[in-house]
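The values are calculated or read from the model by the stated rules, or taken from the named source; none is laboratory data. Note that the structure is a prediction, hence the values are computed from the model and not measured. Virtual Cβ from ideal backbone geometry, glycine too; neighbours counted across all protein chains shown.
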Amino acid sequence: MSVVSAAVVVLGALSLPAVAQARPAAAPIPSAGPVVHAVPADQPPFPYADCISAARKKGESASYAKWHCDELVKKGWVKPPKR
């Protein structure tokens with residue numbers, strides 16, 4: 001039984017390069033230039049003031065809410081505050 005298992009493993013290993021070459025490469029999609037989408041107000045990035053007020057409603061302290069929202073600014077989920 002182990003001879004059959006070994007044969008299956010060897011045949012499988014030998015067929016992998018043939019399968020990889022058989023797949024055609026994906027053709028690149030031509031670009032017509034940059035695409036600009038209008039982002040609805042209910043999707044990121046959210047206003048900084050909304051982030052602070054939401055964090056305060058969740059029970060975060062003022063300093064922790066500021067840190068939390070600053071981290072979300074780095075990730076692009078929140079717009080930077082206007083100073």
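Assorted remarks:
- Annotation: Ala38 fulfils all but one of (1) surrounded by 10 or more Cβ atoms within 10 Å (Cβ to Cβ); (2) at pLDDT below 65; (3) outside any helix (DSSP H, G or I); the unmet one is (1).
- Residue-level analysis places Lys57 outside the set of residues that are at pLDDT 70 or above and surrounded by 10 or more Cβ atoms within 10 Å (Cβ to Cβ).
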